[in-house]
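See below for the structure under consideration.
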Amino acid sequence: MKTLKHFSYILVAALGMMFGGCSNILDLESLTEPNNEDFFSNEQELLLALTGVYNTVYWVDGNNIPGPIMMDNGGTDIGVSRGISMGGFVELGAGSQSSSTSWFATNYEQFYKGIARANNLLNNMPRAREAMDENRYNQIRGEALSLRAYCYHFLTELYGDVPYTSQLATSPDEALIPRMPKEQVADSMLNDLQLAADFLPTTQSERGRFTKGAALALQARIALYNSRFDVAASAARAAIALEGEAGYSLYSNYEELFQPAGENAAEVMFVIPFKDGVRTQILTQLQGSRNVGGFGQLIPTQALVDSYEATDGLPIDESTVYDPKRPFENRDPRLQASIITPQSEWAGFIFESHPDSLTYRLVDGTVAGTNNDSRNISWPAAFCGYYWKKYTEEQAQRERRQWSDQDFILLRYAEVLLTYAEATIEAGMIDGTTLNAINRVRARAYGVEVGETDKYPAITTTDQTALRRIIRRERLVEFANEGLRLFDIRRWRIAEKVMPQKIYGRLLDPSKATAAPDIDEDGLISYTGLESLYDFNPDSRFPNAQNRKFTNPRDYLLPIPQAEIDTYRASGMELGQNEGY
């Protein structure tokens, strides 16, 4: 009989040295199969166990792709996964996911492995209390609590009600506990993170470790996602209050923030750390141009491109400065900072995806060869006519290198500001601090200070309905390709509206465009009447990329993996399945 993996793990204290060259926790040598009765007796052993928790929690699949990227590309309206399954999220976009989808089961198990390791540490660490400094003891405890909450956060957002425990199971049967309502799991997560924030330092000497601010940022996110708007506002406010002490600020260059130059920016609060020679990731390969060694498999959609405002601060269908014949001019700078658009300079050449563009040129005008980014080749690369610039390392593309060791950001300060703004909007607590939080993020996009309102489109309205529309559009463009979109369209209950739409590509001949597409109050972009202008490619090889389906309410949650349900039934119990599966 299959044992229930999500609770029956007894901690193997570490998975090996993950980041040689970093000091302390991330540099400890592995210890194989420690005796659980004797372990957890001193600070070194607690740190080694904590490393084991971190190594499990970093959400990177077997191909070293950060998990949140998968959610945005395939599982939402803003990205396409061309020709690869991308961990089941292409199935989610096509509405064909099932309880037997192996990737979902693997990651369900992985998060529970992290929880089991955190519980093992938290339950056994009192053995070392008398042998170490109290502050260090509490710091380790705070990190373990934060990591456990991080795992439950993803489980509850993906699956809803899930089995919850903070204790250790001593046998497989003891581990067979019922699902707990999401609201109750949220209570536990928020309480853990409040306790963690009290224990954690404001700064850490190593990348990829929880701090006080990161715990508060996660608490604010979880509270927001669970409609605890007063708690979300309070937690975000507490994180903002740490700005001076922790050194938090918005990095001045939005585009650089997602390139190696911004890796250690004061905006970054929690990351998946990578290091050349130890662990690298392949986003540059998957997202990059085929003219310089990339695969062009993860691609932004036309709907995302059209979601970026014009420079007057209005959606393109309302703006007086937007010209559909010149669609990339007079736009929010985050468009060009996040997406490689046609005729952009990138990695030493001029990017062009038009079917008529059969060769490509270097920036000096020299013809460099066959254009493998053209939509006219046998295996079309730039499927919608664009590439992601965000998290595609330009230097790696120049060197035709397939790997990158750029960190992937999981929590950053801009999210804290926008969480605070949204929470106060939804709670009806709108004031100057609400507008300031939004405007700080918007000003940074333009590379100016928040007070320079003549240089960016500052928000001035205090109308709740108008601000709700603004903050949702702001989150869309600020966090595109960072993994937040899936949870946003679910919690706003607009997934049933924005998902079952055709996925369009670029304007093929902008000179013929006479109007912008219509954008409604939920950000849904309608191409009705303009279809002939846009590149729609119903290629039979990639039907999931073009034909999205959403079954309401089923697809607001993933199915509980069938293997887990079968394990319960083998013991005469029912775990239960989400509606519709």
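The values are calculated or read from the model by the stated rules, or taken from the named source; none is laboratory data. Since the structure is predicted, the reported quantities are computational estimates derived from the model, not experimental observations. Cβ placement follows ideal geometry from the backbone for every residue including glycine, while neighbour counts extend to all protein chains displayed.
How many residues does region 423-433 contain that are part of a helix (DSSP H, G or I) and either in contact with a Leu (Cβ under 6 Å, 6 or more places away or on another chain) or surrounded by fewer than 24 Cβ atoms within 10 Å (Cβ to Cβ) (or both)?
5
Looking at S146 and the list (1) assigned to a loop (DSSP other than H, G, I, E, B); (2) buried (at least 20 other Cβ atoms within 10 Å of the Cβ); (3) among the small types (G, A, S); (4) within 21 Å of the chain's Cα centre (by Cα), which single condition is not satisfied?
(1)
Just checking, how many residues over region 158-190 are surrounded by fewer than 20 Cβ atoms within 10 Å (Cβ to Cβ), outside any loop (DSSP other than H, G, I, E, B) and touching a strand residue (DSSP E or B) at 6+ places or on another chain (Cβ under 6 Å)?
Qualifying residue count, region 158-190: 1.
Given (1) crowded, with 21+ Cβ neighbours inside 10 Å; (2) part of a strand (DSSP E or B); (3) without any contact (Cβ under 8 Å) to a residue 24 or more places away in the chain, where does L411 come up short, assuming only one miss?
Condition (3) is where L411 drops out.
Any idea which residue in region 380-416 is nearest to the chain's Cα centre (by Cα), counting only those that are under 27 Å from R506 (Cβ atoms) and of a type in the set (D, E, K, R)?
K390
Considering only residues that are at pLDDT 95 or above and surrounded by fewer than 15 Cβ atoms within 10 Å (Cβ to Cβ), which ones fall in region 371-399?
Q395, R398, E399
Which residues, taken from region 66-102, are modelled with pLDDT of 85 or more, assigned to a helix (DSSP H, G or I) and either under 26 Å from R279 (Cβ atoms) or among the basic types (K, R) (or both)?
Scanning region 66-102 gives M71, D72.
Can you tell me which of S526, S540, S532 is surrounded by fewer than 19 Cβ atoms within 10 Å (Cβ to Cβ), modelled with pLDDT under 95 and farther than 27 Å from S100 by Cβ? Break it down stepwise before answering.
Values: S526 fails: modelled with pLDDT under 95; S540 fails: farther than 27 Å from S100 by Cβ.
Of the residues listed, the single one that is surrounded by fewer than 19 Cβ atoms within 10 Å (Cβ to Cβ), modelled with pLDDT under 95 and farther than 27 Å from S100 by Cβ is S532.
Of the residues L155, L193, which single one is touching a Phe, Trp or Tyr at 6+ places or on another chain (Cβ under 8 Å), crowded, with 21+ Cβ neighbours inside 10 Å and within 30 Å of A238 (Cα to Cα)?
Numbers: L193 fails: touching a Phe, Trp or Tyr at 6+ places or on another chain (Cβ under 8 Å).
Going through L155, L193 in turn, the sole match is L155.
Among the listed residues R485, R475, R468, R442, which satisfies the condition of being among the basic types (K, R) and surrounded by fewer than 20 Cβ atoms within 10 Å (Cβ to Cβ)?
Working: R485 fails: surrounded by fewer than 20 Cβ atoms within 10 Å (Cβ to Cβ); R475 fails: surrounded by fewer than 20 Cβ atoms within 10 Å (Cβ to Cβ); R442 fails: surrounded by fewer than 20 Cβ atoms within 10 Å (Cβ to Cβ).
Criteria check complete, one pass: R468.
Give region 272-304 a look and list any residue that's in contact with a Ser or Thr (Cβ under 8 Å, 6 or more places away or on another chain), surrounded by 22 or more Cβ atoms within 10 Å (Cβ to Cβ), assigned to a loop (DSSP other than H, G, I, E, B) and on the phi < 0 side of the Ramachandran plot, or say none.
F274, G288, G294
Would you mind stating whether S205 is modelled with pLDDT under 95 and either in contact with a Pro (Cβ under 7 Å, 6 or more places away or on another chain) or of a type in the set (S, T, Y) (or both)? Steps first, please.
Details: modelled with pLDDT under 95: yes; either in contact with a Pro (Cβ under 7 Å, 6 or more places away or on another chain) or of a type in the set (S, T, Y) (or both): yes.
Taking the combined requirement at face value, the residue satisfies it.
If only one of A217, A235 is touching a strand residue (DSSP E or B) at 6+ places or on another chain (Cβ under 7 Å), in a helix (DSSP H, G or I), among the aliphatic types (A, V, I, L, M) and surrounded by 19 or more Cβ atoms within 10 Å (Cβ to Cβ), which one is it? Can you show your working first?
On the way: A235 fails: touching a strand residue (DSSP E or B) at 6+ places or on another chain (Cβ under 7 Å).
Checking each option against the conditions leaves just A217.
Test A261 against the criterion of being out of contact with any strand residue (DSSP E or B) (no Cβ under 7 Å at 6 or more places or on another chain), in contact (Cβ under 8 Å) with a residue 12 or more places away in the chain and small (G, A, S), and give yes or no. Give the derivation first.
Working: out of contact with any strand residue (DSSP E or B) (no Cβ under 7 Å at 6 or more places or on another chain): yes; in contact (Cβ under 8 Å) with a residue 12 or more places away in the chain: no; small (G, A, S): yes.
When the stated conditions are applied, A261 does not pass them.
In region 149-195, which residues are closer than 20 Å to N124 by Cα, charged (D, E, K, R) and more than 25 Å from the chain's Cα centre (by Cα)?
Once the filter is applied, which keeps residues that are closer than 20 Å to N124 by Cα, charged (D, E, K, R) and more than 25 Å from the chain's Cα centre (by Cα), region 149-195 yields only E174.
Given the options D312, D276, name the one that is touching a residue at least 60 places away in the same chain (Cβ under 8 Å), within 22 Å of G523 (Cβ to Cβ) and not small (G, A, S). Give the steps one after another, and end with the answer.
Values: D276 fails: within 22 Å of G523 (Cβ to Cβ).
Being touching a residue at least 60 places away in the same chain (Cβ under 8 Å), within 22 Å of G523 (Cβ to Cβ) and not small (G, A, S) holds for just one of D312, D276, which is D312.
Just to verify a result, which residue in region 129-143, among those that are assigned to a helix (DSSP H, G or I) and touching a residue at least 60 places away in the same chain (Cβ under 8 Å), is farthest from Y108 (Cα to Cα)? Lay out the reasoning, then the answer.
To start, the set of residues in region 129-143 that are assigned to a helix (DSSP H, G or I) comprises 129-131, 134-143.
Checking the rest, the ones that are also touching a residue at least 60 places away in the same chain (Cβ under 8 Å) come to 131, 136-140, 142-143.
Details: A131: 36, R136: 31, Y137: 30, N138: 29, Q139: 27, I140: 25, G142: 23, E143: 21 Å.
Among them, the one singled out is A131.
Is one or more of the residues making up region 349-361 over 21 Å from R326 (Cα atoms) and within 28 Å of the chain's Cα centre (by Cα)?
no
What residue, among those in region 558-572 that are touching a Lys or Arg at 6+ places or on another chain (Cβ under 9 Å) and hydrophobic (A, V, I, L, M, F, W, C), is surrounded by the most Cβ atoms within 10 Å (Cβ to Cβ)?
Just the residues of region 558-572 that are touching a Lys or Arg at 6+ places or on another chain (Cβ under 9 Å), to begin with: 560, 563-564, 566-567, 570.
Right, trim to hydrophobic (A, V, I, L, M, F, W, C) and you get 560, 563, 570.
On the way: I560: 24, A563: 16, A570: 12.
Applying the filter and picking the extreme gives I560.
Select from region 163-177 the residues that are out of contact with any helix residue (DSSP H, G or I) (no Cβ under 7 Å at 6 or more places or on another chain) and modelled with pLDDT under 85 and list them in ascending order.
Once the filter is applied, which keeps residues that are out of contact with any helix residue (DSSP H, G or I) (no Cβ under 7 Å at 6 or more places or on another chain) and modelled with pLDDT under 85, region 163-177 yields T170, S171, D173, E174.
Scan G451, G505 and give me the residue that is free of Cβ contacts under 8 Å to residues at least 12 places away in the same chain, of a type in the set (G, A, S) and under 24 Å from A337 (Cα atoms). Full working, then the answer.
Working: G505 fails: free of Cβ contacts under 8 Å to residues at least 12 places away in the same chain.
That would be G451, the only listed residue that is free of Cβ contacts under 8 Å to residues at least 12 places away in the same chain, of a type in the set (G, A, S) and under 24 Å from A337 (Cα atoms).
Which of the residues belonging to region 321-350 are buried (at least 16 other Cβ atoms within 10 Å of the Cβ) and among the small types (G, A, S)?
A337, S338, S344, A347
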